[in-house]
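The values are calculated or read from the model by the stated rules, or taken from the named source; none is laboratory data. Predicted model only: the values in this text are computed from it and were never measured. Please note: Cβ atoms are built from the backbone with ideal geometry, for glycine as well, and neighbour counts cover all protein chains shown.
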Amino acid sequence: MEGIIGRKLGMTQLFGANGAVTPVTVIAAGPCPVVQVREGGEGRPARVQLGFETAKKARAGKARAGHAAKAGIEAAPRVLREFAWADAGVELPKPGALITVATFAEGQQVKVTGTSKGRGFQGVVHRYHFGGGPASHGNTRFRKPGSVGPGTDPSRVIKGKRMPGHMGAARVTQIRLTVAKVDTERNLLFVRGAVPGPMRGIVTVRKEGA
């Protein structure tokens with residue numbers, strides 16, 4: 001399987017035999033039931049839809065409950081994500097099968113996608129690391145953006161101009177991360193370094209190249 005859904009638990013450290021310290025992010029990944037399989041064709045790869053956790057019956061809705069029932073899953077999953085099936089030589093999983101962290105191996109490179117922490121409305125110093133204005137006595141533009149464009153030509157603000165606005169709460173993918181440890185008994189992935197999102201945030205872990 002090319003990927004799995006998980007929940008970010010936080011960061012910790014792993015100690016090697018030589019005493020080396022490795023900072024890692026702990027992800028509770030899977031087990032994820034296969035909810036739907038779509039065959040590929042005409043240059044399109046096959047797609048495998050996975051579920052994660054269990055939704056409350058009152059919040060699942062009839063459509064999602066029926067969708068899960070087709071795969072032989074009793075309770076509707078709380079989270080649904082699709083992954084491309086790049087390996088044409090391996091047989092596609094059947095609906096209802098379970099995907100676990102055993103599909104990953106120590107030392108493997110992965111990419112983790114999550115929703116970054118929301119920072120609200122921020123100015124250019126915090127949002128884009130502007131240097132700000134002079135800090136001299138009497139100055140009133142410490143953290144202002146300055147000029148945003150000449151008035152004669154082009155007489156408008158160019159699209160994409162870095163200005164104050166909403167920061168964070170966006171889809172972020174961190175690439176080239178290394179799996180430091182796989183705990184199949186507790187369904188945990190230890191990924192070296194930091195991954196996007198807050199603690200308890202939903203993330204997807206995919207193998208590099210998937």
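Of note:
- Residues within segment 43-57 that are farther than 11 Å from Ala76 by Cα and hydrophobic (A, V, I, L, M, F, W, C), tallied: 3
- Looking only at segment 18-75, and only at residues there that are of a type in the set (Lys, Arg) and over 19 Å from the mean Cα position of the chain (by Cα), the one that is nearest to Leu188 (Cα to Cα): Lys56
- Within segment 74-89, the presence of at least one residue that is in the same structural domain as Val35 (by TED's automatic domain parsing), modelled with pLDDT of 90 or more and acidic (Asp, Glu) is confirmed.
- Pick from segment 122-136, criterion within 24 Å of the chain's Cα centre (by Cα) and under 10 Å from Met163 (Cβ atoms), ranking: surrounded by the most Cβ atoms within 10 Å (Cβ to Cβ): Arg127
- Residue match in segment 100-118 (condition: in contact with a Gly (Cβ under 8 Å, 6 or more places away or on another chain), surrounded by 12 or more Cβ atoms within 10 Å (Cβ to Cβ) and farther than 22 Å from Cys32 by Cα): yes
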